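What follows is one structure encoded as structure tokens, with my remarks underneath.
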Amino acid sequence: NAGVMQNPRHLVRRRGQEARLRCSPMKGHSHVYWYRQLPEEGLKFMVYLQKENIIDESGMPKERFSAEFPKEGPSILRIQQVVRGDSAAYFCASSPAGTANTGELFFGEGSRLTVL
Amino acid sequence: GDSVTQMEGPVTLSEEAFLTINCTYTATGYPSLFWYVQYPGEGLQLLLKATKADDKGSNKGFEATYRKETTSFHLEKGSVQVSDSAVYFCALSNDYKLSFGAGTTVTVRA
């Protein structure tokens, strides 16, 4: 019974390149959330998606960042033209329908992005 | 806005010692409070929760009580084991967004 799967676990990019982070939610989960953890800080909410819909992207920077959760396939967090400040751990979480407001999320192991 | 402040680590303990990790919060409304744990090589997982004032959450020997008067949700365990070595995150939720503390790394030595 696979949990939330994120890949890659580690990603190194040079400034100006693109980073794509993938997240497959737990089986049967239709809600996906992305959180970012900067060094020495707590996880910060970025975006909440349901299949083919962005519900809330208020925590995501307005430029260079985008997220999607297509009908088929994993959720993708895309960062264009990365800068050093994007270096962080990016965590994906999922939940079943109807439980979004309970705060009980299932997290992946995170993807650690390093920008050189 | 909502925020969570938790005790800085790292914390190193001997087996069977008493563990306390302090957590205080600032929030509007009536948030639910959580402790999440991340064991080495794994994702965060929910350890315990409390949804209203004076509720006590408990799991695996850990406990935390929702104290509205002191806006706190301290985590305690009376006798830790090596297997409790992990990073512990205090969090609150308003609606579907979680606000996390920075995490406390706990190492338990045999």
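Over all pairs of different C-alpha atoms, the protein assembly as shown has a mean inverse distance whose reciprocal, the Kirkwood radius, equals 18.0 Å.
Name the GluC sites (Glu not before Pro) in the stretch A:1-83 that are in a loop by DSSP and that have at most 14 other C-beta atoms within 10 Å, would you? Before the final figure, lay out each step's value.
Working: sites: A:Glu18, A:Glu40, A:Glu41, A:Glu52, A:Glu57, A:Glu63, A:Glu68, A:Glu72; in loops: A:Glu18, A:Glu40, A:Glu41, A:Glu52, A:Glu57, A:Glu63, A:Glu72.
Sites meeting the loop and neighbour criteria: A:Glu18, A:Glu40, A:Glu41, A:Glu52, A:Glu63, A:Glu72.
If the label point is 7 Å along Cα→Cβ of A:Glu41, which residues in the stretch A:73-116 have backbone nitrogen under 19 Å from it? The answer is A:77-93, A:110-116, whose backbone nitrogens lie closer than 19 Å to the label point. Rg/Rh for chain B (Cα atoms only, Rh after Kirkwood) is 0.96. For the stretch B:1-59, the share of accessible area belonging to carbon and sulfur comes to 46 percent (1.4 Å probe, ligands and nucleic acids excluded). Site pair B:Thr70 and B:Ser85 shows an inter-label distance of 3.0 nm when each label is modelled 7 Å from Cα along Cα→Cβ. Let me know the shape class of the stretch A:1-89, please: from the alpha-carbon gyration tensor, a ≥ b ≥ c as square roots of the eigenvalues, rounded when a/c is under 1.5, otherwise prolate if a/b is greater than b/c, or oblate. Prolate, because a/c is 1.5 or more and a/b exceeds b/c. Shape of the stretch B:65-110 from the C-alpha gyration tensor: oblate (a/c of 1.5 or more and a/b not above b/c, with a ≥ b ≥ c the square roots of its eigenvalues). Annotation for A:Gln81 and B:Thr5: the two label points, set 7 Å from Cα along the Cα-Cβ direction, are 3.8 nm apart. Taking every DSSP bridge with both residues inside the protein assembly as shown, close to 90 percent are antiparallel. Inter-chain Cβ neighbour count for B:101-107, averaged per residue, equals 2 (cutoff 10 Å, partner chain atoms only). Under 5 Å from the amide H of A:Val12 lie the amide H atoms of A:Thr114, each residue being 5 or more positions distant or on a separate chain, with H modelled from the backbone and absent for Pro and chain starts.
The values are calculated or read from the model by the stated rules, or taken from the named source; none is laboratory data. On a predicted model such as this, the values are computed, not experimentally measured, just so you know. Cβ: placed from backbone, ideal geometry, glycine included. Neighbour counts: every protein chain shown. In case anyone asks, the SASA skips ligands and DNA or RNA and just uses the protein heavy atoms, side chains included. Shrake-Rupley method; radii C 1.70, N 1.55, O 1.52, S 1.80 Å.
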